[in-house]
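The values are calculated or read from the model by the stated rules, or taken from the named source; none is laboratory data. Everything numeric in this text was worked out from a predicted model, so none of it was measured. Heads up, the Cβs are rebuilt from the backbone with ideal geometry, glycines too, and the neighbour counts pull from every protein chain shown. We work out accessible area using only protein heavy atoms, side chains counted, and drop any ligands, DNA or RNA first. Shrake-Rupley method; radii C 1.70, N 1.55, O 1.52, S 1.80 Å.
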Amino acid sequence: MPHICEAAQTQGVSIYFLGAKPGVAIGAAKNLRKQYPMIRIAGAEHGYFDQSEATKVIKRINQSNAGILLLAMGSPV
C-alpha cells in the first residue's frame with residue numbers, strides 16, 4: 001500500500017476507495033492524506049450497498065476519473 005500511495009502522489013494519480021463498513025473507506029482516505037499530503041482522493045464510500053445500487057456506484061467511480069480503485073469487499077460465506 002505505501003508503494004501505491006507514494007507512486008500515486010508522485011505521479012498525480014487519484015485514488016478511489018470502495019468497501020468495508022460505513023465510515024471505514026472515508027477514514028482510510030483521511031489517514032492516508034495525513035501520511036501523503038499531496039495524494040489525490042477521487043472518492044470514498046462503504047461497500048454495504050445492494051445489487052440494485054451497483055450501477056450507481058459504478059457510475060460514481062467512473063465519473064470520479066480515478067486512476068486507481070482500492071477495493072475492500074468481503075466474500076460471502
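How many angstrom separate the Cα center of region 1-24 from the Cα center of region 50-77?
Centre-to-centre (Cα) distance: 14 Å.
With an 8 Å cut-off on Cα pairs and a minimum separation of 6 or more residues, tell me the relative contact order of the chain in percent. Walk me through the numbers before you get to the answer.
Working: 108 pairs, mean separation 32.1, N = 77.
Computed over the chain, the figure is 42 percent.
Between beta-carbons, use under 10 Å as the cut-off and find the net charge around I41, counting Lys and Arg +1, Asp and Glu -1.
Working: positive: K30, R33, R40; negative: none.
Here the count lands on +3.
So what is the accessible area of the chain per residue, in Å², with the probe set to 1.4 Å? Numbers along the way, then the final one.
Working: 5360 Å² over 77 residues.
Roughly 70 Å² per residue, with all protein chains present.
Going by amide H atoms built from the backbone, whose H comes under 5 Å of the H on H46, apart from near neighbours?
Result for H46 returns G19, G23.
For the chain, what D do you get in µm² per second when you plug the Kirkwood radius from alpha-carbon pairs into Stokes-Einstein at 20 °C and 1.002 mPa s?
Details: Rh = 12.8 Å.
For these conditions, the coefficient is 167 µm²/s.
Take I26 and A7, extend 7 Å from each Cα along the Cα→Cβ direction, and tell me the distance between the two endpoints in nm.
With each label point 7 Å from Cα toward Cβ, the separation is 3.0 nm.
Using each residue's phi in region 36-52, evaluate 6.51 cos²θ - 1.76 cosθ + 1.60 at θ = phi - 60° and report the 3J(HN,Hα) Karplus result to the nearest Hz, with x for Gly and Pro.
For region 36-52, the Karplus-derived couplings read 10, x, 9, 5, 9, 9, 7, x, 7, 7, 6, x, 8, 10, 8, 4, 5 Hz, x marking Gly and Pro.
Just the number, please: carbon plus sulfur as a percent of the accessible area of the chain, 1.4 Å probe, no ligands or DNA/RNA counted. Spell out each step's value before the answer.
Working: 3030 of 5360 Å².
Accessible surface attributable to carbon and sulfur in the chain totals 57 percent.
Using θ = phi - 60° and the Karplus form 6.51 cos²θ - 1.76 cosθ + 1.60, what ³J(HN,Hα) does each residue of region 15-24 get, whole Hz, x for Gly and Pro?
After applying 6.51 cos²θ - 1.76 cosθ + 1.60, I find 10, 10, 9, 9, x, 6, 6, x, x, 6 Hz.
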